[in-house]
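Each remark here refers to the structure printed beneath this line.
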Amino acid sequence: MNKTLIIITAYIIVVAVLIVIFIAKTSKQNKKIRNSIEELEKEKNLIINAPILNELSKVEALVRDDKLKNKYDTWQRRFDDIRNTSIPEITDMLIEADSYLDSKDYKKLRTELADIELRIYKVREKTNSLLGEIKEITLSEEKNRNQIVKLKNEYRNIKLTYENSKEEYKNVNNQIELQFENIEKRFQEFEIVMEKKDYDEINYIVKGITEMIEHIGYVIKEIPTILLMCNELIPNKIADISNIYIKMTADMYQLDYLNVEYNIKETEKKLKDILDRVKVLNLEDVTFELKTIINYYDSLYNDFEYEKSCKKIFESNIKTFKAKLIRTNKIISNLMGQLTSLKTTYDLSDEDVKRLNIINDETRRIKDSYNNLMDCNKNHSFAYSKMVKELDFLMIKVSKLEETLNYDLKTIGSMKDDEIRAREQLDNIKNLLKKAKTRIRLYNIPVIPDNYFVELQDASDAIKEIQKELNKKPINIDTLNIRVDTARDLVFKVFNTTNNLLKTISMLEETIVYGNRYRTESKQVNEGLILAEKLFFKGEYKKALEVTMNAIDYVEPGIHNKILQAYND
């Protein structure tokens, strides 16, 4: 019973807490929404409180003609529409939002608040636009008067600059002074229109005066420089360029590609046209055109210097190229003259022969190009800058031919070297084999081992194979080198076998002689030596040596090491 009562009590407490929380949350939300509605109400009131009425009253006082009267009436109607239509609509929407809040219809309330914000934004924009248009008139007099004061100051400074340096404006003084008169007339027109309160015309005149002063200011600033460039700087450059051009042409420089004479004539036409435009104070693009002309003539100085530099480079490089071409031509001519002999002597591949023919043909073409280039130089038919480029191209081609030709020379030279080396090594191998045979005969060995004769025959056959390769026409160098390496290895094997055999026999003989002193003293030594002598005459020299050393070891332990050390030393 108590447990059930506790559960019920706890449940009631939880429900009560949740209700309190819900009420508090709802109250907070309502308060927040209420604040939003109040903010929108304030924004609406700010719109209607805008100083439009005050500004309209100022316009009404300024009305002197029908044009301004029509504007005033239009602005008044627009303001009445905002005040009597748009604002009440917003007021109704705010009241409806209050009703949605009271009925807790939050879905419709959110939509309504969004619509109110959008409507207030649009009405505020309309109000600001209207106020701006009205202020264009109400503030026009003060604004334009201030603008005119600034323009008059600027005008006086410009005119003072002109008066202080009239000499710099030759041939255009009348036009400039006429422009000054026009500006002064426009200032007078401004005062007349200000008296009439014709604000549209005032704006037009102020804009016109501003543009005229900007133009005359630009004219006063730029004309001295323009006249200096047209009358002195550019003509002097033309004269200087003409002198350099005539002198270089007389020195046989080919400069037709620069079109100097044509461009000078065109420049003179352009300068005349520019001066005609300057006389009517039309300076549009004039400075740009003059700077372009100056840059062109400055570039001609660089072109002339470049041609002079190219002449030196050409005269220097042509010597280097000629030496390369002569050397390359001489080498390939010699190779082509020996080609038949080389093909007969050596087993040249089709690729090797084809490559030599290509080099020969390419060398001939480069030689023809070189002769043509020298004819052009002799006849002065091309600029040095162009001939340097052509020479560089030929230099690259002949350098590549040199690389290819060096490879072929190394290949052919290697073949000749390999042949000579093979013949020298053949003689050395024969001498080495002969020396081995001689040593065997001199020792008068009782029995020569069978394997020695096999090695000797293999070495002799290998030597014959070398001779066969050398007698072939053409010689296959790769095969020849293999034969030489094989024969050398086999002959060295025979030579080493001979040395080892004779060394073993020599050791055996000396060991037997050394052991004879112990024959009478030791039966084992005597029997061992007898057996060793029998093995010696059978040709089993190593076994005989081992038996001899073992026999002596009975009376003189460690004889093995002594004998081996003695022969190694």
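Multiplying the sequence separation of ARG327 and ASN84 by 0.36 nm and subtracting their Cα-Cα distance, what value in nm do you get? Intermediate values should be presented prior to the final figure.
On the way: separation 243, 0.36 × 243 = 87.48 nm, distance 10.68 nm.
Residue separation times 0.36 nm, minus the Cα-Cα distance, leaves 76.8 nm.
Please list 481-490, 227-236 highest first by mean number of surrounding beta-carbon atoms within 10 Å per residue. Walk me through the numbers on the way to the answer.
On the way: 481-490: 18.4, 227-236: 15.8.
Top of the packing list down: 481-490, 227-236.
In order along the range 215-225, the phi-based Karplus estimate (6.51 cos²θ - 1.76 cosθ + 1.60, θ = phi - 60°) of 3J(HN,Hα) comes to 5, 5, x, 5, 4, 4, 6, 8, 4, x, 5 Hz; Gly and Pro are listed as x.
Rule-based calculations on the coordinates, nothing more; no lab input. Owing to the predicted nature of the structure, the values given are computational and were not obtained by experimental measurement. Every residue, glycine as well, gets a Cβ built from its backbone with ideal geometry; the counts of neighbours run over all protein chains shown.
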